[in-house]
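As structure tokens, the structure follows; a few thoughts come after it.
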Amino acid sequence: MARVEIRNVGKIFGNYKAVDDVSLTIEDGEFVVLLGPSGCGKSTLLRMVAGLELPTFGDIVIGETVATRLRPKDRNIAMVFQNYALYPHLTLYENIAFPLRVAGRRGDEVDKKVRWAAGLVGIEHLLARKPRQTSGGERQRTALARSLVRDPALFLLDEPLSNLDAKLRHSARDELRTFQERVGMTALYVTHDQVEAMGLGDRVVVMQGGRVRQVGTPEEIYLYPADTFVATFIGTPPMNLIDMPGEVLGVRPENLMPVSFFGQESGLRRMTMLVSRIEFLGSDKLIYGALDDPFGQAKVIARLPSSVPADIREGERAHFAVREHELRSFDPQTGLARPAPIPQRASVASHG
Ligand SMILES: Nc1ncnc2c1ncn2[C@@H]1O[C@H](COP(=O)(O)OP(=O)(O)OP(=O)(O)O)[C@@H](O)[C@H]1O
Ligand SMILES: [Mg+2]
């Protein structure tokens, strides 16, 4: 397995900067997720690591090798893309064996490798079937197994679960992560789904407009967003941003609670809300409203567990509060967090 270094890498198409000076290190055995809105440059960055796209500037280092100009097949990587085409006329066994046969391997060695990879993803019992005789998830796992038979140093995945239904996505996510930990492989995974990113990543890289906005563990990114973009991109509903003189205050919806909830606690910032609408979502309620002065009629959303009793009605004022230490502050000009969020490399991969 390998460590990957992306050094000041950029990609310009015509006069459009798709990736703009990205630097990032993925440690040996780490699972790093690239997250960002559509068009922010995630796939382009991944394709440069894969060798499918040549950087306009910067270098890609895989293990000890400067790989920037190496062909994909010389990089010892495995790739799984959203459209993982299997050969429909071949059995799953032969699909998985395919890269080995192309590489000139024969006999026992092929058989061992195919069974090993199929075992890892749990499809040994399906090897005699053709792809059309299997489910979407089983096909996905076949593609995974096929990418693994050549002992890759690095695993690159671009939205590999997006073809699966919600339930299958959950189990595939879990399987993928368990499997990655078992094999100890280094992985770079692209998604625009924040839940998937937070659930999978040792660290998450939030990108926007070709640039990295923040790198951190899911907790760091959620609790200490580096700027207002990250603050509102992560979290559903997003962090409330309240314009104040000289600062933008950030409040997560679940931290804005009826004042009665806090009992005798001190260190609270009180906020009165004119409630416009209440949405019942089952386990939670969303409360939409506008804050009285000194918060300048700022529109906010509070998220309340349905189990918390609260006497709140649409069209009426209600008293809310936030713990001071849960408030975030951003620079109104730059949007950057103040004081600066915790150092980016503070806590890497808790999984070994
Ligand atoms: N070959 C190309 N020629 C010109 N522009 C390109 C090319 N490939 C990508 N782009 C542009 O570069 C930007 C980044 O594309 P990229 O595919 O990396 O986005 P992405 O973050 O993967 O988005 P999505 O989530 O939609 O897959 C986009 O604006 C895209 O239109
Ligand atoms: Mg993409």
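The values are calculated or read from the model by the stated rules, or taken from the named source; none is laboratory data. Predicted model only: the values in this text are computed from it and were never measured. Please note: Cβ atoms are built from the backbone with ideal geometry, for glycine as well, and neighbour counts cover all protein chains shown. The accessibility values were calculated without ligands, DNA or RNA, using every heavy atom of the protein model including side chains. Shrake-Rupley method; radii C 1.70, N 1.55, O 1.52, S 1.80 Å.
Amide H contacts for M79 (H built 1.01 Å from N in the peptide plane; partners 5 or more residues away or on another chain; cut-off under 5 Å): L156.
From the square roots a ≥ b ≥ c of the eigenvalues of the alpha-carbon gyration tensor of the stretch 74-127, which class results: rounded (a/c under 1.5), prolate (a/b over b/c), or oblate? Cα axes put the stretch 74-127 in the rounded bin. D174 sits with roughly 100 Å² accessible to a 1.4 Å probe, with DNA, RNA and ligands left out of the calculation.
Using the Cα gyration tensor of the stretch 28-76, with a ≥ b ≥ c the square roots of its eigenvalues, what is the shape: rounded (a/c below 1.5), prolate (a/b larger than b/c) or oblate (neither)?
oblate
The heavy atoms of E265 present about 80 square angstrom of accessible area, all protein chains included, probe 1.4 Å. On a C-alpha basis, how far is the centre of the stretch 53-77 from the centre of the stretch 261-307 in Å? Whole number, if you could? Using only Cα atoms to place each centre, the spacing works out to 50 Å. Please report, to two decimal places, log10 I(q)/I(0) for the chain at q = 0.10, 0.11 Å⁻¹ as given by the Debye formula with identical point scatterers on the Cα atoms and no solvent. Normalising to I(0) and taking log10 leaves -0.72, -0.83. Atom-type composition of the exposed protein surface of the chain places 51 percent of the accessible area on carbon and sulfur (1.4 angstrom probe). For the chain, the number of Lys pairs separated by eight or more positions or lying on different chains, with C-alpha atoms closer than 27 Å, is 14. Take the stretch 238-338 with all the other protein chains still there, run a 1.4 Å probe, and you get 53 Å² of accessible area per residue. Ordered by 1.4 Å accessible area with all protein chains kept, S147, S23 run largest first as S23, S147. For the stretch 69-108, the per residue solvent-accessible surface stands at 62 Å², with DNA, RNA and ligands left out and a 1.4 Å probe.
Across the stretch 299-307, coupling constants 3J(HN,Hα) worked out from phi with the 6.51/-1.76/1.60 Karplus curve, θ = phi - 60°, read 7, 9, 10, 10, 10, 10, x, 4, 6 Hz, and Gly and Pro carry x. Helical content alone sets the calculated 222 nm signal of the chain at -7000 deg cm²/dmol, taking -39,500 (n - 2.57) per DSSP H segment of four or more residues and averaging over every residue.
Each peptide among 270-276, 165-171, 208-214, 67-73 gets the average number of other Cβ atoms lying within 10 Å of its residues, and from highest to lowest they stand as 208-214, 270-276, 67-73, 165-171. Averaging Cα coordinates gives a centre for the stretch 186-230 and one for the stretch 117-171; these two points are 25 Å apart. The overall shape of the stretch 163-254 is prolate: from the C-alpha gyration tensor, with semi-axes ordered a ≥ b ≥ c, the ratio a/c is 1.5 or greater and a/b exceeds b/c. Its relative contact order, with pairs defined as Cα atoms under 8 Å and 6+ residues apart, puts the stretch 238-338 at 36 percent.
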